[in-house]
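For reference, the structure is listed below as structure tokens.
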Amino acid sequence: MSILLSIALAAAQAGAPAPMPMTMPMSGPMPGPMSAVPAPTGYTTAATPVGTLIADPAAKIILEKYLPGISSNPRLQAVLSVPLKSIQPYAPDKITDAKLAAIDADLAMLPKAK
């Protein structure tokens, strides 16, 4: 896990911008087949900052399950305000699509974020 945050922090310290997730504003339900898919109601790796996840004890356990040591890494402070998905390009071997999907699946089981 130290490698993951080291890469992300090195990029941040070098002034490299973190990639921003692309979002599309919605003004109602999507037409067609997408309307059957419920909208996310809680935390996600694409939208929720790492700091928010770490601050929630249940979400923190989920992060530690897939990314051991993330919450205790001394360099965590630099990435608290960004979602995991935005950090992924700096450590694609550590934060894989499969891990993000698994984290999202577990996060979806938590009660709705307040």
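The values are calculated or read from the model by the stated rules, or taken from the named source; none is laboratory data. Small disclaimer: the values here were computed from a predicted structure and weren't measured. Here the Cβ is made from the backbone with ideal geometry for all residues, glycine too, and neighbour counts use every protein chain on show.
Return the residues of the stretch 70-114 that are in contact (Cβ under 8 Å) with a residue 40 or more places away in the chain and exposed (fewer than 14 other Cβ atoms within 10 Å of the Cβ); say none if nothing qualifies.
Ala108, Pro111, Lys112
Going by the structure shown, is Ile70 in contact with an Asp or Glu (Cβ under 9 Å, 6 or more places away or on another chain) and of a type outside the set (S, T, N, Q)?
Against the criterion (in contact with an Asp or Glu (Cβ under 9 Å, 6 or more places away or on another chain) and of a type outside the set (S, T, N, Q)), Ile70 qualifies.
Among the residues of the stretch 85-114, count how many are farther than 17 Å from Pro57 by Cα and either in a helix (DSSP H, G or I) or at pLDDT 95 or above (or both).
13
Could you tell me whether the stretch 45-67 includes any residue that is of a type in the set (D, E, K, R) and over 18 Å from Asp106 (Cβ atoms)?
No: zero hits.
Working only within the stretch 60-83, note down all residues that are assigned to a helix (DSSP H, G or I) and modelled with pLDDT of 95 or more.
Correct list: Lys60, Ile61, Ile62, Leu63, Glu64, Lys65, Tyr66.
So Lys60 clears everything in (1) surrounded by fewer than 19 Cβ atoms within 10 Å (Cβ to Cβ); (2) of a type outside the set (Asp, Glu); (3) touching a Leu at 6+ places or on another chain (Cβ under 7 Å); (4) in contact (Cβ under 8 Å) with a residue 12 or more places away in the chain except one condition, right? Which one?
(4)
Return yes when Ala18 is at pLDDT below 50 and buried (at least 16 other Cβ atoms within 10 Å of the Cβ) and no when it is not.
The answer is yes for Ala18.
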